[in-house]
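Structure record follows, encoded as structure tokens.
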Amino acid sequence: MIRFLVLAALLLSGCAKRIHTSPPAHPNETHVLAETQRFARVLGIKVEGVITTKPYMVPAARPLYDGEKVPAAGRWVHGRIEFYTPMIQEQSQEQSSWLAAHEVAHAFYDDEHSDGKPAEARADMCAMHLMAEDPCPK
């Protein structure tokens, strides 16, 4: 019985992580998910792209004040790429493609626990390769 309760708790906690996801409802959301899969195939990796309604706040690239945070358009976390729906809906398809390539690059390099400029620069470099339909250097 205890094993069952532990298993049930683990399953429910896993479901809780996904509670803020939703099916694509906007053409840009469908596009970014399709691009995620296309770039993952180029790199020979498996990733899950999801649309989320829960923002993940990050330091602003060009802050208007000290400590300003803004929602990230996408992030690689727990084996999946989460795309924040309000940000995705505002982007062009080209911007969505770049974002998908950038986040797939984080998955390829397994940057989940890497922060900072080196990880971002490497993901940008890989995204340039992916946009040109080339694989990324490992």
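A few points about this structure:
- Picking from residues in the range 57-95 that are out of contact with any strand residue (DSSP E or B) (no Cβ under 8 Å at 6 or more places or on another chain) and charged (D, E, K, R), the one that is farthest from Ala34 (Cα to Cα) is Asp66.
- Complete set of residues in the range 41-55 that are part of a helix (DSSP H, G or I) and among the hydrophobic types (A, V, I, L, M, F, W, C): Val42, Leu43
- Only residues that are among the charged types (D, E, K, R) and modelled with pLDDT under 90 were counted in the range 102-132, giving 5.
- Residue among Val58, Val77, Val70 that alone is out of contact with any helix residue (DSSP H, G or I) (no Cβ under 8 Å at 6 or more places or on another chain), of a type in the set (Val, Ile, Thr) and at pLDDT 95 or above: Val70
- Applying the criterion of at least 3 residues that are in contact (Cβ under 8 Å) with a residue 40 or more places away in the chain, surrounded by 19 or more Cβ atoms within 10 Å (Cβ to Cβ) and of a type in the set (A, V, I, L, M, F, W, C) to the helices (runs of 4 or more DSSP H) found wholly in the range 72-138 leaves 93-109.
The values are calculated or read from the model by the stated rules, or taken from the named source; none is laboratory data. These numbers come from a predicted model, not from an experiment. Quick reminder, even Gly has a Cβ in these numbers, built from the backbone with ideal geometry, and neighbours come from all protein chains shown.
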